[in-house]
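The next block holds one structure in the form of structure tokens; read it before the comments.
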Amino acid sequence: MFRVLAFVILALSLSADLSAQRFTDARSYYREFASENRRIMIKNMRYLEGVVKGEDPRRIAKYREMVVEQLRESKRALERVGVFEDNDLLQREYLKGIDMYLEAFEKAVGEADELTEGRYEDFDKLTQYYEAVEEAEALIFDAAYKIKEAEEYFAKQYKVDLRRDEETMERWDKIDRLTLYMRGLTYNFFRVDTRLSSFFKATEAQKADTLGIIIKDLRQAVRKSQDELEDQPEFGGKDYVKEELEAYLTEIDENIDETIRPLADRLTNKFLPEDEYEETQEELADLKEWHENARQEFFESQEYVVADFLEE
């Protein structure tokens, strides 16, 4: 039994050594790693593109599974490659980078995905979701940076020309810029939108005593979103979502004193005449319809800009 076990261990050891020895030069050795990295980046990019496009959550979950599967396959492949001329830095750092990717997609991204439900109905939930997403993104970019640094070291050490897929890298950068831009707009839109939704929910629940506080929060939310939009940079001439959002915020700002506050005053009046009550309910219904249309237009404009930008 001991002899069989020893033989198996020896065979595995020789297999790893032979795998490394089959590379006659640093260039062919490096290409093994670069090829796996390209496969990882393509799967990763498909996932990120699905997220920014707002595709069906089940499809995005499938993309995430594909990334994890690719990471595991690449890890197994690179573990078999071995080291080059007793220098294990490229393999070691690559494997560390892949482990960071796995932590991001198996844990951090999964935790973020669990926070997607109801995030557009509750601003605190949206904030928690984006915090989880940013934590996952930090791991992803740290993993990519670790691999990049290892490649640059190896290239310098052995005079190897780096094999970078410029088209894929440009696409990755494009998706990243688009994601951050849309995230800023979405955050500023729903900071206000969720407060307005709270106003409607309070009227439906007949909690008229809370309307004053909600209106105060709504006004502050409008001001904060307007201030943040001023600092948001332009986006390659495709700023119509931002322009629509600015118009939306201006309209709500005007409606607070012209429509929303008077509605709240009448809704809190227990002695409101029947005809005025009916008129108030009609105005409330009109405001709800306007709000629903504005939300729908925001999503549609986002989808259009995303598709237009990615197809360039």
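Table: residues versus (1) closer than 27 Å to GLU297 by Cα; (2) surrounded by fewer than 18 Cβ atoms within 10 Å (Cβ to Cβ).
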residue	(1), (2)
ASP161	no, yes
GLU166	no, yes
LYS174	yes, yes
LEU180	yes, yes
LEU211	yes, no
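Quick check on ASP253: is it under 19 Å from ASP193 (Cα atoms), free of Cβ contacts under 8 Å to residues at least 40 places away in the same chain and surrounded by 13 or more Cβ atoms within 10 Å (Cβ to Cβ)? In short, yes. Of the residues PHE298, PHE271, the single one that is under 35 Å from the mean Cα position of the chain (by Cα) and either surrounded by 12 or more Cβ atoms within 10 Å (Cβ to Cβ) or assigned by TED's automatic domain parsing to the domain that holds LYS216 (or both) is PHE298. The set of residues in region 274-295 being among the polar types (S, T, N, Q) and surrounded by 13 or more Cβ atoms within 10 Å (Cβ to Cβ) consists of THR280, GLN281. Only one entry in LYS201, LYS207 is of a type in the set (Lys, Arg), over 29 Å from TYR304 (Cα atoms) and modelled with pLDDT of 90 or more, namely LYS201.
The values are calculated or read from the model by the stated rules, or taken from the named source; none is laboratory data. Please read all numbers here as calculations on a predicted model, not as lab measurements. Note: ideal-geometry Cβ built from the backbone for every residue, glycine included; neighbour counts use all protein chains shown.
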